[in-house]
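Beneath this line is the structure, given in structure tokens, with notes to follow.
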Amino acid sequence: MNINKVVIIGSGTMGSGIAAHLCNANVPVVLLDLKTEIAEKAKEKILKSRPPLLFEKSKINSLKIGNISDDFENISDADWVIEAVIERIDIKHKIYEQIFKKRKKDSIVSSNTSTIPLKILSQKLSKSDKKDFCITHFFNPVRYMGLLEIVREELNDKNKIDLLKKFCESKLGKGVIICGDTPGFLGNRVGVYAMQIAMTEAIKMNLSVEEADAVFGRPMGIPKTGVFALYDLIGIDLMSDVLKSFRKELSEKDAFQKVAQDIPIIQKLIETGYTGRKGKGGFYRINKSDGKKILEAFDLNKNEYFPSKKIDLQIKKVNLLELINRNDKYGKYAWSVISKIILYSSSLVPKITKEYNDIDEALRLGFNWSMGPFEMLESIGLDNFFSKIGNIESNPFLDNLKKNSSKKFYDERQKYTNIETLAKIKKLVVKIDKNDSAEIFRFNDFNIVEFNTKANALDYNSMDALMKATDKPLIIINESMQFSAGVNLNYVMEFIQKKDLKSVEKFIKYFQKTCKHLKYCKNPVISAPSGLALGGGEEVLLQSNYVVSHTNIVMGLVETLVGLVPAGGGCKELLWRWTQTNQAKNDPDFAPLKVFDIIGYAKTASSPQEAKPLLFLDSNHEVIINRNNLLPSARAFIKNNKDLPPPKQCKFKLSGKKVREKMKKILEDLYDNKKILDHGMEVGKELAYVLSGGDTDLHKEVSEDQMYKLELDSFMKLIETEKTQKRITHTLKTGKPLVN
């Protein structure tokens, strides 16, 4: 049996999200709701979604819409029917009765519920129907969240479950974890518990919402939203309903019950319409004062809003042992939260799952944690944990570890998949070299470089690792969410504040030298990006020999937003690609003007499909929908291309002043229409000077090194200016560009 057609009933957030992602996989989908108009609106929302649910808008052509009265006949030839209606069991049972009357033999039927147990969903089904019925719990947003929990029971047809797992891994790119029928399954059971512990402990220890979010965030390897901001994002009222479900379904003795009780502050916020971002605000809100928007935070003691304060814990990297040993309220809070998460997670083994690794992976894939509870335990160290935790009651898993006096207990990562992932292959490493910004994993026939700074921002040490790793074929890949958000601007600004421009220039020169070396070294260099590949990160990709790209990637040269021009070869490389097009052969100014438009507007692509028309990706790439396959595909390229010839040297024929005048006219029009201001004009002029080839004309040849020099000179000229420095400082502080 193959899955060639899917019908989804219910076009709400989850139903439409699943439908969109099936469209991404080119699987024909029919989306049904009570009225066709409702499904039509869902289709429109998919097309307008931000971040986009589709790899490219044309993918929507795989979607048909209808209503359950007139178009239910589609069920009869569907291979997979997904129910995604409101979380009311009476409505679901009624839908199942209709589905199982109409469906074709052997088709798979599933529910996307996140709260209702499988045994309750299937209680009115016959034994034969139960074999083909399960829960497929996708996480929102479906395109971007890696986790899919398939919940099954003993009656299920094992072959059907395996078929569904393989389809969702290979076609939809999901990390599929098979779960038993327990409340919250794996991801939400631990993830929501962790959120509640983080919140209740913050209230108990009298931390502000900003302080709690600062700790229960990046310092713990958890997304920067923290807990209170995440509550706002999900919806405070929705979280309240989720907790009611847990209270109902879990045993009274379950430790979750202690933190699932109603919190008066929560109830007050809901009653007054402060339900999070979808309402008037929540624990945070945007308020206007003197015509300016101000982010305010809710004071948990005074029950009032005040301007939000930024909490700087002076932590650059995740180090849990260092964090929990801090002799301040933040260290005490971190230990209280982490220890309770570990205690609760370990209490679920083996009665909820025999594979503790699956709990870690559920938190990684479903909540974007960089490490799960058991990896946290390993990171802290068993001796350190047991010396701090004291008595362990009714916890066979931890008790066994303590009795065995184990120093290390963690076995294979990512047991849920047979793919040879980066996490698995690290166990086979021959040698590891590292510095403060990257690690080199050395194997017998290839090397891996993994960046490990915040958002994998690049600095001198990052370049050093790349240079040292090219003695063998090299794969540049990361386990973290981002490939690289670009050059580390904090690193650059530290030199600027010391008025040390020579060190800035030295770094940019080394960046250029490294990228050129990657492009022309004797061994192939393969980049395998996922997440952000912006600025300097994109420049590394542009000068790699081959790119194996995950579908969820954001690419672009965005330096103009901070008042700079790409200076690691980005201008040069993108210009070279556009000069190879047919249009450029007939018009020498076509490529410079095209690249001026792309870089000047800081255009980005949110998928490889969007990146190709901009030539951020050329013909030397492949696209992978399952992130776990990035490393195997990169290794396959190395195996099949041992004698890869070096790329052609870049030599440009550019019209210099002639095309620069055209660019200047574009800038003047933008300035007159107030689309750019004074400094925008200056940045545009510098970009124009680089892309026009400087003082050249069509009778001269501009070499690759000359283009690097033009990039460097313009970068240095701009970085010296007060207005560029203001742009950088503003972006580092707010995460948003400054227009000046």
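One residue is enough: does the stretch 5-12 have a residue meeting the conditions in a loop (DSSP other than H, G, I, E, B) and in contact with an Asp or Glu (Cβ under 6 Å, 6 or more places away or on another chain)? Within the stretch 5-12 (the criterion being in a loop (DSSP other than H, G, I, E, B) and in contact with an Asp or Glu (Cβ under 6 Å, 6 or more places away or on another chain)), the answer is yes, since at least one residue qualifies.
Tell me, which helices (runs of 4 or more DSSP H) lie completely within the stretch 271-379 with 1 or more residues that are among the hydrophobic types (A, V, I, L, M, F, W, C) and exposed (fewer than 13 other Cβ atoms within 10 Å of the Cβ)? Answer list for the stretch 271-379: 320-324. Taking the stretch 241-267 as the range and being in contact with a helix residue (DSSP H, G or I) (Cβ under 9 Å, 6 or more places away or on another chain) and within 22 Å of Phe298 (Cβ to Cβ) as the test, the residues that pass are Val242, Leu243, Val259, Ala260, Gln261, Asp262, Ile263, Ile265, Ile266, Gln267.
Okay, residues lined up against (1) in contact with a Leu (Cβ under 7 Å, 6 or more places away or on another chain); (2) within 16 Å of Ile526 (Cα to Cα); (3) of a type outside the set (Gly, Ala, Ser):
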| residue | (1), (2), (3) |
| --- | --- |
| Asn418 | no, no, yes |
| Leu428 | no, no, yes |
| Ala438 | no, no, no |
| Phe441 | no, yes, yes |
| Asp445 | no, yes, yes |
| Gln482 | yes, no, yes |
| Glu494 | no, no, yes |
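Restricting Leu377, Leu382 to residues that are at pLDDT 95 or above and either charged (D, E, K, R) or touching a helix residue (DSSP H, G or I) at 6+ places or on another chain (Cβ under 9 Å) (or both) narrows the list to Leu377. The set of residues from the stretch 562-577 being closer than 14 Å to Glu686 by Cβ, of a type in the set (A, V, I, L, M, F, W, C) and outside any loop (DSSP other than H, G, I, E, B) comprises Val562, Cys571.
Going through Met707, Met663 one at a time, which residue ends up being farther than 30 Å from Leu422 by Cβ, touching a strand residue (DSSP E or B) at 6+ places or on another chain (Cβ under 8 Å) and surrounded by 15 or more Cβ atoms within 10 Å (Cβ to Cβ)?
Criteria check complete, one pass: Met707.
For Thr225, the requirement of being crowded, with 20+ Cβ neighbours inside 10 Å and either in contact with a helix residue (DSSP H, G or I) (Cβ under 6 Å, 6 or more places away or on another chain) or without any contact (Cβ under 8 Å) to a residue 24 or more places away in the chain (or both) is not met.
When the stretch 124-140 is limited to residues that are polar (S, T, N, Q) and under 37 Å from the mean Cα position of the chain (by Cα), the one that is surrounded by the most Cβ atoms within 10 Å (Cβ to Cβ) turns out to be Thr136.
Taken over the stretch 659-682, the criterion of being farther than 18 Å from Val595 by Cβ and of a type in the set (Asp, Glu) is satisfied by Glu668, Asp669, Asp672, Asp678, Glu682. Please enumerate the residues belonging to the stretch 610-639 that are among the charged types (D, E, K, R) and under 21 Å from the mean Cα position of the chain (by Cα). Passing the criteria: Glu610, Lys612, Glu622, Arg627. Taking the stretch 633-658 as the range and being farther than 13 Å from Leu593 by Cβ, among the hydrophobic types (A, V, I, L, M, F, W, C) and surrounded by 16 or more Cβ atoms within 10 Å (Cβ to Cβ) as the test, the residues that pass are Ala634, Phe637, Ile638, Leu644, Cys650, Phe652. In the set (1) modelled with pLDDT under 95; (2) under 30 Å from Val142 (Cβ atoms); (3) in a helix (DSSP H, G or I); (4) not hydrophobic (A, V, I, L, M, F, W, C), Glu479 fails one condition alone, (3). Considered as a group, the residues in the stretch 396-425 that are within 28 Å of Ser462 (Cβ to Cβ), modelled with pLDDT of 90 or more and charged (D, E, K, R) include one that is surrounded by the fewest Cβ atoms within 10 Å (Cβ to Cβ), and that residue is Glu420. The residue pairs whose first member lies in the stretch 519-537 and is under 14 Å from Ser480 (Cα atoms), whose second member is of a type in the set (Asp, Glu) and not in a helix (DSSP H, G or I), and whose beta carbons are closer than 8 Å, counting only pairs six or more residues apart or on different chains, do not exist in this structure. Taking the criterion of being without any contact (Cβ under 8 Å) to a residue 60 or more places away in the chain and surrounded by 15 or more Cβ atoms within 10 Å (Cβ to Cβ), the residues of the stretch 727-740 that qualify are His730, Leu738.
Taken as a whole, the condition of being over 18 Å from Leu163 (Cα atoms), in a helix (DSSP H, G or I) and of a type outside the set (Phe, Trp, Tyr) applies to Ser16. Residues of the stretch 407-461 being touching a residue at least 60 places away in the same chain (Cβ under 8 Å), among the aromatic types (Phe, Trp, Tyr) and either assigned to a helix (DSSP H, G or I) or assigned by TED's automatic domain parsing to the domain that holds Gly535 (or both), which ones? Phe446 - this is the single residue of the stretch 407-461 that is touching a residue at least 60 places away in the same chain (Cβ under 8 Å), among the aromatic types (Phe, Trp, Tyr) and either assigned to a helix (DSSP H, G or I) or assigned by TED's automatic domain parsing to the domain that holds Gly535 (or both). Number of residues in the stretch 455-473 that are buried (at least 18 other Cβ atoms within 10 Å of the Cβ), more than 15 Å from Lys434 (Cα to Cα) and over 20 Å from the mean Cα position of the chain (by Cα): the value is 1.
Residues in the stretch 60-80 that are among the hydroxyl-bearing types (Ser, Thr, Tyr) and closer than 15 Å to Gly10 by Cβ: Ser69 only. Given the structure, is Glu559 within 22 Å of the chain's Cα centre (by Cα), touching a residue at least 40 places away in the same chain (Cβ under 8 Å) and buried (at least 22 other Cβ atoms within 10 Å of the Cβ)? The answer is yes for Glu559. For the stretch 50-77, a tally of residues being touching a residue at least 60 places away in the same chain (Cβ under 8 Å) and among the polar types (S, T, N, Q) returns 1.
The values are calculated or read from the model by the stated rules, or taken from the named source; none is laboratory data. Since we're looking at a predicted model, the values are computed, not measured. Here Cβ is always computed from backbone atoms with ideal geometry, including for glycine, and neighbour counts include all displayed protein chains.
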